[in-house]
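Engineer: This is the structure I have questions about; it appears just below.
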Amino acid sequence: MTESPTPRGILDGYRVIDCSIAMAGPFAAQRLGDLGADVIKVEPTAGEWQRFAAAGGAKGNEINVSFLSLNRNKRSLAVDLKSEAGKEVVRELIAGADVFLQNYRPGVAARLGLDYETLSAINPSLVYVSMSGYGEDGPYKDRPGQDLILQAMSGAMLSAGREGEPPSPAGQYLADAVTASTAFEAVLAALLHRERTGEGQLVTVNMLDALTTLQMQELSVYTVGGVPQKRGSEPNAHVYIRAPYGVFATSDGYLALGFADLEKLGEVLEEPSFAGLDPEEHGWTHRDELYAAVAGHLRERTTQHWLDTLLPAGMWVGPVYGYEELVNDPQVIHNGTFVEYDHPTEGRVKTPGFPYRFTKTPARIDRGAPLVGEHTGEILAELGIGADRVRALLDSGVVAQTAGTPVSA
């Protein structure tokens, strides 16, 4: 008896149509591809906008790093969705799809004939995911859903830092990343429901709700506990955590310290004023004074000195890394956090890998980010579209493919 082949991933056999742009949508779709789904990126014949917007100025050879980082494990179908012939191609694609994902501006999906009502009539079992900045309707639905703006509105910036000083944004594209993870999670739940019932459904995800619900504990302290969100005169790392809690300067860098037993910390720092202090009482009532005292001691010695001193004493402490230190950290290397693969135009690529581990169906990279229309002919052939029609679509500009790619018979 011949053994059946091992699935490439947990989502092997599922087809995802990715009509999203920028970061949140493509990142969510990439996560699905990492788990084995066949993700088809539907983009304009000239390529998605993100191909031409290089974060950090990292342009790459033919694919800039922004696009490269968010579109591995996808195939590219380059098609003009403003043309009726292009819309027909996508409708044929939808008929055999499992998930459709878009983050168009309000009204665009309906104008293109790609709204939920239209596509679910073609494929009632379709999981349709619509992503937005603020929601499908309401007073802000037409506002731009940009990461920094959503961070600012979420309230989180005012949970750290000094009173009276400008708040600091997160050091990552937090709103986009959290929204991507939320959409990824929602797709898996909707697919599970479909497995049980056969029903597809509309799933909506917005950035404002994603960032708000991420703060489950913090906001509940305010809404249920009635504790005001008030910053102090020292840059404590969070208004709802007792001192000392924050990032402190050392003689040669920075150190993160949190949840210290005040009496034991006082012994290590040779700070007699900490003797007899109760962390759960004085850590709140003397938050700024404690922060200032700890800061004064820590700046006198190196980061490594304090790690060597505080860790054995049971303190919760760690170094503040830049990207160079992160990439070369022994635990990160041990975990295999970064993956490397060869890309046909970008050469050897090293990027963050997968945030999950499966013993039987591991995530993996089968292909890097595609060139514009790299798989157009391949995908159209899978739909049963003959070579003559493919040539006609190419000649009319309705679809595009990478130069040198053959037209399938």
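The values are calculated or read from the model by the stated rules, or taken from the named source; none is laboratory data. None of the values given here were measured: they were computed from a predicted structure. Note: ideal-geometry Cβ built from the backbone for every residue, glycine included; neighbour counts use all protein chains shown. Each accessible area value is taken on the protein alone, full model and side chains, heavy atoms only, with ligands, DNA and RNA left out. Shrake-Rupley method; radii C 1.70, N 1.55, O 1.52, S 1.80 Å.
Engineer: Checking the condition small (Gly, Ala, Ser) and either under 30 Å from Leu262 (Cβ atoms) or open to solvent by 40 Å² or more (accessible area, probe 1.4 Å) (or both), which residue from Ala392, Ala363 passes?
Structural biologist: Ala392
Engineer: Would you check if Tyr116 is of a type in the set (Ser, Thr, Tyr), farther than 21 Å from Arg51 by Cα and open to solvent by 50 Å² or more (accessible area, probe 1.4 Å)?
Structural biologist: The answer is yes for Tyr116.
Engineer: Test Asp308 against the criterion of being over 31 Å from the mean Cα position of the chain (by Cα), closer than 30 Å to Val227 by Cα and part of a helix (DSSP H, G or I), and give yes or no.
Structural biologist: Answer is no for this residue.
Engineer: Moving to a separate point now. Filter segment 311-326 for residues that are modelled with pLDDT of 95 or more and open to solvent by less than 40 Å² (accessible area, probe 1.4 Å); which is farthest from the chain's Cα centre (by Cα)?
Structural biologist: Filtering first and then ranking leaves Ala313.
Engineer: While we're here: Considering (1) out of contact with any Ser or Thr (no Cβ under 9 Å at 6 or more places or on another chain); (2) in a helix (DSSP H, G or I); (3) among the aromatic types (Phe, Trp, Tyr); (4) in contact (Cβ under 8 Å) with a residue 24 or more places away in the chain, say which one Tyr222 fails and leave the rest.
Structural biologist: Single failed check for Tyr222: (4).
Engineer: Among the numbered conditions (1) polar (S, T, N, Q); (2) part of a loop (DSSP other than H, G, I, E, B); (3) within 23 Å of Phe27 (Cα to Cα), tell me where Gln151 comes up short.
Structural biologist: (2)
Engineer: Continuing with the same structure: Could you tell me which of the residues Val65, Val79, Val129 is farther than 25 Å from Gly200 by Cα and buried (at least 20 other Cβ atoms within 10 Å of the Cβ)?
Structural biologist: None of the other options fit; the residue is Val79.
Engineer: Name every residue in segment 17-34 that is surrounded by fewer than 24 Cβ atoms within 10 Å (Cβ to Cβ) and among the aliphatic types (A, V, I, L, M), in order of residue number.
Structural biologist: Ile21, Ala22, Met23 - these are the residues of segment 17-34 that are surrounded by fewer than 24 Cβ atoms within 10 Å (Cβ to Cβ) and among the aliphatic types (A, V, I, L, M).
Engineer: Across segment 10-57, what is the total count of residues that are at positive phi and assigned to a loop (DSSP other than H, G, I, E, B)?
Structural biologist: Qualifying residue count for the region: 4.
Engineer: Looking at Glu165, Glu195, Glu185, which one is part of a loop (DSSP other than H, G, I, E, B), exposed (fewer than 15 other Cβ atoms within 10 Å of the Cβ) and not aromatic (Phe, Trp, Tyr)?
Structural biologist: Selected residue: Glu165, the only one of Glu165, Glu195, Glu185 that is part of a loop (DSSP other than H, G, I, E, B), exposed (fewer than 15 other Cβ atoms within 10 Å of the Cβ) and not aromatic (Phe, Trp, Tyr).
Engineer: Here are the criteria: (1) among the aliphatic types (A, V, I, L, M); (2) open to solvent by 30 Å² or more (accessible area, probe 1.4 Å); (3) part of a strand (DSSP E or B). Tell me which single one Val205 does not satisfy.
Structural biologist: Unmet condition: (2).
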